Amino acid sequence: MAVGLLHDDLVSLPGVESADLDGDSTAPTGVRVRLAPGVDAAIVGDEVQRVLALHGLRSEVEVAPPSPATVAPFPGRVSDESAVSPSTVPIAEHDAVVAAYAESDVLESVSVTEGRDGVVVEAHAGETSAWVRAAGRIGPAFDQAIVSAVAELLGTRTEPLIRSVDSRDLGDVTVLTIVLEEAGEQHVGSAAVEGGRPYALGRAVWAALSSR
Amino acid sequence: MIDRDVATAIAKRPRLWATAVGATFAFAPPGWWHHPPFLPIPDADLMRWRVTTAYGDEETPIAPDDVLSYLEWRQRSAQGK
């Protein structure tokens, strides 16, 4: 699937009737998807999550029961534990709603500097930044430095090891998918390569570690 | 991992002392004050990870210049906020 606008990608999924994005369309704070009657909500929910991951968004998906429910405000920050609980919106009978939450604290930048000090990766998210020296300019050593920098931003104190990094050309866009292993658990994240590879890899790592 | 050369390099740069103290606390394990020796000694696993990332293996001694570069970056970042 080529990655286009998030809204268009969501509504193009079979079984999705409509999609509403809260906030900035490129970094929404919430996504509501209305499913067509009779579809398997769990299957479509998986597809919705896949699309959100392709856009570098963290998500928590809940399939609401087919009955009217109260609107709850979408969270501004997922770091606020109380705001993570999924909410539902009023729905017609037999509809299902998927409520998804995007990471509002996005990875802002990944920069690479090569100079007298060797290769240094800097990553920034909000008020936080990380500085990591890389053992090399290319290959696994460089990727590991990006993982370390992003992991530090997320407060990780155990080493996430790279199990695989795959790059897939989907025609209009290339998507990076990374599998990380941390303390015996595997985490997967994807991101479209829209600028440089370091930033895309950083966003994939961010998505993977944010899903813990 | 922080050897005498690193300590000496920092000692010669008083303007980095406060930043070095802050970095020491940042690398200390959470809740260090609950456990002996009740000092913010950098987390050994975290240091091993960062050294491996920086040099490709955990045995390579940390270069004083790299520590100074990190502290200078940390100081610049703090001043920029």
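Assorted remarks:
- In terms of surrounding Cβ atoms within a 10 Å radius of their Cβ, A:Asp9, B:Asp57 rank from fewest to most as B:Asp57, A:Asp9.
- Here the relative contact order of chain B, from alpha carbon pairs under 8 Å that lie six or more residues apart, stands at 35 percent.
- FRET E, pair B:Ala18, A:Leu5, Förster distance 35 Å, beta-carbon r, rounded to 0.05: 0.15
- Solvent-free Debye scattering, log10 I(q)/I(0), computed from the Cα coordinates of chain B at q = 0.12, 0.20 Å⁻¹: -0.37, -1.00
- Inter-site label distance for A:Gln186 and A:Arg116 at 7 Å from Cα along Cβ, in nm: 4.5
- By the count of other C-beta atoms within 10 Å, a proxy for reagent exposure, B:Ile62, B:Ile41, A:Ile146, A:Ile43 are ordered fewest to most as A:Ile43, B:Ile41, B:Ile62, A:Ile146.
Rule-based calculations on the coordinates, nothing more; no lab input. Since we're looking at a predicted model, the values are computed, not measured. Positions of Cβ are generated from backbone atoms using ideal geometry, with glycine treated the same way; all protein chains shown enter the neighbour counts.
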